[in-house]
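I'd like to ask you about the structure that follows.
The values are calculated or read from the model by the stated rules, or taken from the named source; none is laboratory data. No experiment lies behind these values; they were computed from the predicted model shown. Because the Cβ atoms are built from the backbone with ideal geometry, glycine has one as well, and the counts that use them run over all protein chains shown. Please note that ligands, DNA and RNA were not included when accessible areas were found on the heavy atoms of the full protein model with its side chains. Shrake-Rupley method; radii C 1.70, N 1.55, O 1.52, S 1.80 Å.
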Amino acid sequence: MSLRIRRYEPGDRDAADAVIEAALRHANAYFEDAPALVDGDRIAEYVESGGEFLVGLLDGELVATAAFRPPKGVAADLVTVTEHTAEVKRMHVHPDHHRRGFGQAMYDELEARAADAGHARLALSTSARQEPAHAFYRQNGYEQTARTSVEIDGGDLGILVFEKSLSTRRS
C-alpha cells in the first residue's frame, strides 16, 4: 500500500479535521476551543494565498495532512518574514498510521512544492509537548530559533519556533 498525495478539496474537511484532532490528542497537544486549531476556508487560507494544503490517502482513506502558507500568528511574530518565507502548518498523520514513513513523504512533497513556488525559507511553530515533532523537524534540517508561551486552558503552553533555509534541503 502506498500513500497517494494530492491537494486538499473542500469535501476532505471532515476527514482532515479528524486526522488533525486524532494526531494532536495522541501527542497530548489538543485543546478544546483553541482558536489556532480552527481553519476557515482552507482553499483561500492556504492555496489561494500562495500556499498549499495536501492530504495523504491510503486506499482512499485520508490519513495525513500537510500545508504551508504565508506566515502569520506566532511564527510571523518571531521570524524575519520576507516574500520568500512560508509557514509550515498542519503536519499530521493519524496515530493508526505512525511509523510508516507517511509523515516524511508528506513533508518531502510539501517542501518540494514550497521550493517550486519560490520560497527560500520555511518556518513553523509547534508546542513544546510534541517532542517527536521536534526531532522530525531537526532531522529535516530545521533549527529552533525561538521559544514563547501562550495561555490556554488556564495554563501556559510552551511554543517552539523552528526555521530552515531551503538551500539546506535533504537529498
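So, R0 is 25 Å and r is the distance between the beta-carbons of ARG4 and VAL47; what FRET efficiency does that work out to, to 0.05? Let's see the in-between values first.
Working: r = 18 Å, r/R0 = 0.73.
Here the calculated transfer efficiency is 0.85.
If I model a spin label at ALA117 and LEU57 as a point 7 Å from the Cα along the Cα→Cβ vector, what separation in nanometres do I get?
2.1
Report the trypsin sites (Lys or Arg not before Pro) located in segment 87-144 that are in a DSSP loop and have at most 11 other Cβ atoms inside 10 Å of their Cβ, or state none.
ARG99
Could you report the chain's accessible area per residue, 1.4 Å probe, as an integer in Å²?
Ligands and nucleic acids excluded, the figure is 51 Å² per residue.
Mind running the shape call on segment 1-140? Use the C-alpha gyration tensor, a ≥ b ≥ c as the square roots of the eigenvalues: rounded below 1.5 for a/c, prolate if a/b tops b/c, oblate otherwise.
Rounded, since a/c falls under 1.5.
Taking 0.36 nm per intervening residue step and subtracting the Cα-Cα distance, what contour gain separates GLN144 from ASP96 on full extension?
Going from the current span to full extension adds 14.5 nm.
Can I ask one more? Please check: in the Gaussian network model of the chain (C-alpha springs, under 10 Å), which one of ALA66, ALA22, ALA44 has the largest mean-square fluctuation.
Top of the fluctuation ranking is ALA44.
If you roll a 1.4 Å probe over the chain with all protein chains in place, what percent of the accessible area is carbon or sulfur? Present the calculation step by step, with values, prior to reporting the outcome.
Values: 3960 of 8690 Å².
Summing carbon and sulfur atoms, their accessible area is 46 percent of the total for the chain.
Once both labels are modelled 7 Å past Cα along the beta-carbon direction, what's the THR82-ALA15 spacing in nm?
About 3.9 nm separates the two model spin labels.
Now a separate question. For the chain, modelled as a GNM with alpha-carbon contacts under 10 angstrom, which of GLU111, GLU151, GLU61 fluctuates the most?
GLU151
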